[in-house]
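Colleague: I'd like to ask some things about the structure below.
No lab work stands behind these numbers, since they all come straight from the coordinates. Since the model is a prediction, treat every value here as computed from it, not as a measurement. Ideal geometry is used to build each Cβ from the backbone, glycine not excepted, and the neighbour counts take in all protein chains shown.
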Amino acid sequence: MACSIMWFRRDLRLRDNPALTAAVAEGDVVCALVMPGADAGDQWGAGPCAWLHHSAAALDSSLRERGSHLVIRTEPPAQALTRLAHECGAIRVHCTRLWTPAGMAEEETASRELSGFGIELEVHESQYLVSPDALRTGSGGPYRVFSPYHRAWLPAASDAGALPAPTRISAPAYTPPTAGPVAPPPGGPDISRWWRPGESGALARLEHFATDVVRSYAEDHDRPDLRHTSELSPHLAFGEVSARVVVATVRERASEQVAAPFVRQLAWREFSGHVLHHFPHTLDSPLREEFSAFPWSYDPGLLAAWQSGRTGYPLVDAGMRQLLATGWMHNRVRLGCGSFLTKDLLLDWREGERHFRNRLADFDQASNTFNWQWVAGCGADAAPYFRVFNPSLQGAKFDPDGTYVRTWVPELAALDSRWIHRPWDAPAGELEAAGVALGRDYPLPVVNHAEARDRALAAFAAIKRG
């Protein structure tokens with residue numbers, strides 16, 4: 001019987017996995033996960049590695065229920081796959097395409113190395129509903145603005161025909177050795193406290209969202225004090241559930257009108273992949289070239305205050321602390337934290353991108369880069385340079401009772417809602433009654449927002465004038 005290798009990457013699932021389905025149809029299958037090595041270290045920080053530790057264990061458990069198991073290797077992928085193919089006599093390797101510059105280069109290297117030994121690499125599509133190279137503008141170029149991309153994406157994004165999970169996976173007579181379980185990294189978030197990684201957790205979360213949450217999504221998804229987002233982003237980032245299954249499930253449970261605002265967010269995710277594919281230099285350079293001359297400052301103290309949630313602005317600090325603890329942050333708060341770094345502190349968006357890359361359990365290279373450039377005003381369809389979020393007003397609008405801040409900034413928990421988003425304005429008696437001494441229990445603001453906004457607008461205006 002023929003033997004093939006299923007090379008798991010960011011598709012850690014059994015259901016609707018075309019690569020796995022093709023491998024199983026050919027005969028015996030060795031299921032392999034190649035761990036990111038030192039050469040990919042900056043793509044795999046503590047947050048994503050902490051998630052991978054649990055997700056790989058969940059995948060291995062699912063495979064064992066079907067007669068297989070997960071073989072983990074730690075060499076560079078081309079080397080690991082070639083060695084593994086020789087060990088088990090595989091004639092073909094199946095995998096899902098990763099639409100990042102590094103992912104596609106990895107595939108090219110693996111294909112070249114394997115073909116030298118007569119082994120074929122077959123790459124399947126399932127990372128996105130619509131591949132990043134599938135859509136073009138009327139003039140034949142890539143999209144740089146979301147609205148026309150979205151209009152073209154909707155009819156192309158079919159959610160039909162999800163593949164079932166295999167009920168049995170035949171393993172070869174010889175079982176290749178494994179490097180052992182994925183070790184959790186030091187300093188990562190306590191994923192198991194906050195999340196249920198793996199395919200079963202992803203499907204349970206999807207069912208909850210589609211059944212109980214999606215109807216209030218349009219109205220309440222900007223409220224970090226309410227759990228009215230899907231919270232599917234880590235599961236999607238690791239491919240524990242496919243975008244096709246997500247969209248189909250939501251549309252089964254809700255009308256198209258109700259589902260549309262959430263589906264639009266998935267289109268935004270795919271737009272980020274489209275932009276990165278066509279403009280790979282945006283990994284470390286702004287899409288809008290004029291921002292190459294932007295006068296970013298560098299202040300290690302301010303950066304550290306932002307990273308640790310000690311800026312003196314409660315909504316920002318709550319978000320940064322949620323990120324450190326859980327590996328995730330509510331999207332509305334991500335916008336506020338990003339705006340604060342790039343506009344209030346005038347720190348380079350790449351500092352924020354790097355920190356999120358390290359800490360986010362839902363780290364996705366295309367989305368992370370794209371969204372940081374968006375909030376800084378230097379990317380595709382970017383927020384206007386004059387949009388500077390006021391963290392106090394954002395808090396009052398989206399966390400009106402202070403519930404979110406009280407959860408993540410407990411030193412302010414007893415402060416009245418009138419002052420919780422601007423404690424520096426609270427009367428001395430209110431602070432004393434709440435047990436808060438500013439500068440001791442909670443930091444004073446590291447910058448004055450009004451003055452910082454003026455500095456940001458002046459800097460943006462200068463580059464706009466050229």
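Colleague: Before anything else, pin down the relative contact order of the chain: Cα pairs under 8 Å, at least 6 apart, normalised by residue count, whole percent.
Modeller: Working: 802 pairs, mean separation 83.3, N = 466.
Result for the chain is 18 percent.
Colleague: Okay, moving on. Search the structure for amide H atoms under 5 Å from the amide H of residue 28, placed 1.01 Å from N in the peptide plane, and list their residues when 5 or more places away or on another chain.
Modeller: Amide H neighbours of residue 28, under 5 Å, 5+ apart: 2, 4.
Colleague: While we're looking at this one, here's another question. Largest first, please: the extent of the C-alpha atoms of the chain along each principal axis, to the nearest Å.
Modeller: Its Cα atoms span 78, 50, 46 Å along the three principal axes.
Colleague: Based on Cβ point charges of +1 for Lys and Arg and -1 for Asp and Glu, what charge dipole magnitude is obtained for the range 277-382 about its Cα centre, in debye rounded to the nearest 20? Provide the component values of the computation, followed by the final result.
Modeller: Values: 10 positive and 12 negative charges, 72 e Å.
With Lys and Arg at +1 and Asp and Glu at -1, about 340 debye.
Colleague: For the chain, give the magnitude of the charge dipole about the Cα centre (Cβ charges: +1 Lys/Arg, -1 Asp/Glu; no others), in debye to the nearest 20.
Modeller: Numbers: 46 positive and 54 negative charges, 95 e Å.
Here the size comes out at about 460 debye.
Colleague: Could you check the simple spin-label distance between residue 91 and residue 194, using points 7 Å along Cα→Cβ, in nm with one decimal?
Modeller: Computed distance between label sites residue 91 and residue 194 equals 4.8 nm.
Colleague: What three numbers, in Å, describe the spread of the alpha carbons of the range 314-438 along their principal axes, ordered from the longest?
Modeller: 47, 31, 21
Colleague: Another question, then. Among 331, 398, 233, flag the residue with its Cα farthest along the positive direction of the charge dipole of the chain, charges on Cβ as +1 for Lys/Arg and -1 for Asp/Glu.
Modeller: Value: 398.
Colleague: Mind pulling the angle between the C-alpha long axis of helix 243-253 and the longest principal axis of the chain? Nearest 10 degrees, somewhere in 0 to 90.
Modeller: Approximately 70 degrees, to the nearest 10.
Colleague: Hey, if you put +1 on the Cβ of every Lys and Arg and -1 on every Asp and Glu Cβ in the range 3-127, which of 104, 44, 116 ends up farthest toward the positive end of that dipole?
Modeller: Highest projection toward the positive end goes to 44.
Colleague: Turning to a different aspect of this structure: Under a 5 Å amide H to amide H cut-off, with H placed in plane at 1.01 Å, what residues pair with residue 71 once short-range neighbours are removed?
Modeller: The list, which skips near neighbours in sequence, is 31, 32, 33.
Colleague: Let me ask something else. Using θ = phi - 60° and the Karplus relation 6.51 cos²θ - 1.76 cosθ + 1.60, list the HN-Hα couplings for the range 351-360 in order, rounded to whole Hz, with x at every Gly or Pro.
Modeller: 5, x, 4, 5, 5, 5, 4, 7, 9, 6
Colleague: Filter the trypsin sites (Lys or Arg not before Pro) in the range 117-202 to those in DSSP coil with at most 11 other Cβ atoms within 10 Å of their Cβ, and list the result.
Modeller: Numbers: sites: 136, 144, 151, 168, 193; in loops: 136, 144, 168.
Counting only loop positions with at most 11 other Cβ atoms within 10 Å, the trypsin sites (Lys or Arg not before Pro) in the range 117-202 are 168.
Colleague: Would you kindly derive the ³J(HN,Hα) couplings of the range 195-209 from the backbone phi angles with the Karplus curve 6.51 cos²θ - 1.76 cosθ + 1.60 (θ = phi - 60°), listing them in order in whole Hz, with x for Gly and Pro?
Modeller: 9, 10, x, x, 5, 5, x, 5, 5, 5, 5, 4, 4, 4, 5
Colleague: A further question on this structure: Loop only per DSSP, at most 11 neighbouring Cβ atoms within 10 Å: give me the chymotrypsin sites (Phe, Trp or Tyr not before Pro) in the range 35-142, ordered by residue number. Show your work: numbers first, answer last.
Modeller: On the way: sites: 44, 51, 99, 117, 128; in loops: 44, 99, 117, 128.
For chymotrypsin sites (Phe, Trp or Tyr not before Pro) across the range 35-142 that sit outside H, G, I, E and B with at most 11 neighbouring Cβ atoms in 10 Å, the list reads 117.
Colleague: Tell me, what ³J(HN,Hα) does each residue in the range 319-326 have, in order and in whole Hz, if you take phi through Karplus 6.51 cos²θ - 1.76 cosθ + 1.60 with θ = phi - 60° and put x for Gly and Pro?
Modeller: x, 5, 6, 4, 4, 4, 7, 10
Colleague: Could you tell me the convex hull volume per residue, in Å³, taken over the Cα atoms of the range 143-276? Before the final figure, lay out each step's value.
Modeller: Values: hull volume 25.0 nm³, N = 134.
Given the Cα convex hull of the range 143-276, per-residue volume reads 187 Å³.
Colleague: Stretch residue 292-residue 145 to full length: gain in nm at 0.36 nm per residue minus the Cα-Cα span? If you can, show how the numbers build up before the last one.
Modeller: Details: separation 147, 0.36 × 147 = 52.92 nm, distance 2.02 nm.
Gain on stretching residue 292 to residue 145: 50.9 nm.
Colleague: Pop a pseudo-label 7 angstrom from the Cα along the beta-carbon direction at both residue 183 and residue 397 and give the gap in nm to one decimal.
Modeller: 4.7
Colleague: With n ≥ 4 as the cut-off for DSSP H runs, can you work out [θ] at 222 nm for the chain, using -39500 (n - 2.57) per run divided by the number of residues, rounded to the nearest 500? Kindly include the intermediate steps, with their values, before the conclusion.
Modeller: Working: 20 runs with 217 residues, N = 466.
-14000 deg cm²/dmol, from helical runs alone.
Colleague: Just want the answer: with Cβ charges of +1 for Lys and Arg and -1 for Asp and Glu, which residue in 206, 304, 268 is farthest toward the dipole's positive end in the chain?
Modeller: The residue sitting most towards the positive pole is 268.
Colleague: Find the all-direction average of the projected area of the Cα convex hull for the range 3-127, expressing the result in square nanometres with one decimal place. It would help to have the intermediate numbers written out before the result.
Modeller: Numbers: hull surface 28.1 nm².
So the Cα hull casts an average projection of 7.0 nm².
Colleague: Right, another one. If you average the C-alpha positions of the range 430-466 and of the range 99-145 separately, how far apart do those two centres end up, in angstrom?
Modeller: So the two Cα centres are separated by 44 Å.
Colleague: Follow-up question, since we're still on this one. Roughly speaking, what % of Cα-Cα pairs in the range 52-115 are separated by over 13 Å, rounded to a whole number?
Modeller: Values: 1413 of 2016 pairs.
The proportion of pairs with Cα distances above 13 Å equals 70 percent.
Colleague: OK, next. Place a +1 charge on the Cβ of each Lys and Arg in the range 38-165 and a -1 charge on the Cβ of each Asp and Glu, then give the dipole magnitude about the Cα centre in debye, rounded to the nearest 20.
Modeller: Details: 10 positive and 15 negative charges, 70 e Å.
So the magnitude is around 340 debye.
Colleague: Oh, and also: For the residue pair residue 258 and residue 156, what label-to-label distance in nm results when each label sits 7 Å from Cα along the Cα-to-beta-carbon direction?
Modeller: With each label placed 7 Å out from Cα toward Cβ, I get 3.0 nm.
Colleague: If amide hydrogens are placed 1.01 Å from N in the peptide plane, which non-local residues have theirs closer than 5 Å to the one on residue 96?
Modeller: 9, 124
Colleague: How high is the relative contact order of the range 1-93, in percent, with contacts defined as C-alpha pairs under 8 Å that are six or more residues apart?
Modeller: Working: 109 pairs, mean separation 38.1, N = 93.
The value is 41 percent.
Colleague: Can I ask one more? To the nearest 0.05, what FRET efficiency results for residue 75 and residue 125 with a Förster distance of 25 Å applied to their C-beta separation?
Modeller: 0.45
Colleague: Longest span of the chain, sites excluded, free of GluC sites (Glu not before Pro) in DSSP loop with at most 15 other C-beta atoms within 10 Å? Could you put the intermediate results ahead of the total?
Modeller: Working: sites that count: 65, 125.
Here the longest run is 126-466.
Colleague: If you don't mind, another one. Just flag the chymotrypsin sites (Phe, Trp or Tyr not before Pro) in the range 293-372 sitting in loop per DSSP whose Cβ has no more than 11 other Cβ atoms within 10 Å.
Modeller: Numbers: sites: 296, 298, 306, 328, 340, 349, 356, 363, 370, 372; in loops: 296, 298, 328, 363.
Passing both the DSSP loop test and the Cβ count: 298.
Colleague: Give the calculated FRET efficiency between residue 407 and residue 168 to the nearest 0.05, with a Förster radius of 51 Å applied to their Cβ-Cβ distance.
Modeller: 0.70
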